[in-house]
Amino acid sequence: MSKAKIRKIVVTVEETHREMDRPVVPATRKAVAAAVIENPFAGAYHENLDLLIEIGEELGGLLGQRAVAALGITPAQAQSYGKAAAVGENGELEHAAALLHPKLGAPLRKAVEKGAALVPSSKKRGGPGVALDIPLGHKDAAFVRSHFDGAEIRISDAPRANEIVIAVAVTDSGRPLPRIGGLAAEDIKGEDGLR
């Protein structure tokens, strides 16, 4: 049984086919899967946030799988990832941290196969329609500059005061037309999460 009280799930896919009037072949693609959930600790301070930690673990797998499926790829074909959360006005940033950090990473890594690198993250407080920016980095090597990017999602009616929007982004590529050097994706060793 789900510990998260999910009001809605939103999944988007962005494809970029042209950049600076140049073709991008193949198109770069990013998927964002977001859940709007009830914040069980809204409105009052709670010392123990274990329930949100468990919900983060549950949603890491669910949202990661939804993002990979939206791209129509295998988990091994995922290239970069990121995570973010926005708490409504009756929540605190630590609620977002509890969702994102202790346990969300392991099931997300399983959904994208491996994931040796740190999962980039952001958190904020906001009301309905707030822009949630999700930082992106290569899943196996942090030094791959071509994959430093971001994805954005807005949900017009979330988060409400007692809700949290939690999102995972997955890509099958780096930025369109990358050319600032750094470690090339094809040269990754994927052993230490850096190179």
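For the chain, complete DSSP H runs whose alpha carbons reach 20 Å or more along their own long axis and whose mean Kyte-Doolittle score is -0.5 or higher are 50-71. Taking the Cα centre of each part, how many Å lie between region 1-63 and region 96-147? Distance between centres, Cα-based: 9 Å. The ranking of Leu194, Leu63, Leu132, Leu118 by Cβ neighbour count inside 10 Å, starting from the fewest, reads Leu118, Leu194, Leu132, Leu63. Taking Ile134, Ile73, Ile166 in turn, the Gaussian network model of the chain (Cα-Cα springs below 10 Å) assigns the largest fluctuation to Ile73. Less than 5 angstrom separates the built amide H of Lys8 from those of Val36, all sequence-distant by 5 or more or on a different chain.
Within region 43-101, which GluC sites (Glu not before Pro) sit in a loop by DSSP and count at most 11 neighbouring Cβ atoms inside 10 Å?
Glu47
Could you list, in their original order, any pairs among Lys110/Lys139; Lys103/Lys189; Lys5/Lys114; Lys8/Lys110; Lys3/Lys114; Lys8/Lys103 whose Cα atoms are separated by more than 19 Å? From the list (Lys110/Lys139; Lys103/Lys189; Lys5/Lys114; Lys8/Lys110; Lys3/Lys114; Lys8/Lys103), the Cα-Cα distance tops 19 Å for Lys103/Lys189; Lys5/Lys114; Lys8/Lys110; Lys3/Lys114; Lys8/Lys103. Out of all DSSP beta bridges with both ends in region 1-140, state the antiparallel percent to the nearest 5. Restricted to region 1-140, the bridges split so that about 75 percent are antiparallel. Per residue of the chain, the DSSP helices (runs of n ≥ 4 H) give a summed -39500 (n - 2.57) that works out to -6000 deg cm²/dmol at 222 nm. Paramagnetic label reach from Ala161 (point 7 Å along Cα→Cβ; backbone nitrogen cut-off under 18 Å): within region 2-43, residues 37-43. Asp192 to Leu177: extension gain in nm, 0.36 nm per residue of separation minus the Cα-Cα distance? Separation in residues times 0.36 nm, less the Cα-Cα distance, equals 2.7 nm. The candidate values are (1) 15.1, 41; (2) 16.1, 61; (3) 16.5, 53; the one derived from this structure for Rg and Dmax of the Cα atoms in Å carries the label (3).
Considering the chain as a Gaussian network with a 10 Å cut-off on Cα pairs, which listed residue, Leu93, Leu62, Leu71, attains the greatest mean-square fluctuation? In this elastic network of the chain, the residue with the biggest mean-square fluctuation among Leu93, Leu62, Leu71 is Leu93. The residues Ser2, Ser121, Ser146, when put in order of fewest to most other Cβ atoms within 10 Å, stand as Ser2, Ser121, Ser146.
Coordinate-derived values only; no laboratory data. Just so we're clear, the structure is a prediction, and the values are computed from it rather than from any experiment. With ideal geometry, Cβ positions are generated from the backbone for all residues, glycine too; neighbour counts draw on all protein chains shown.
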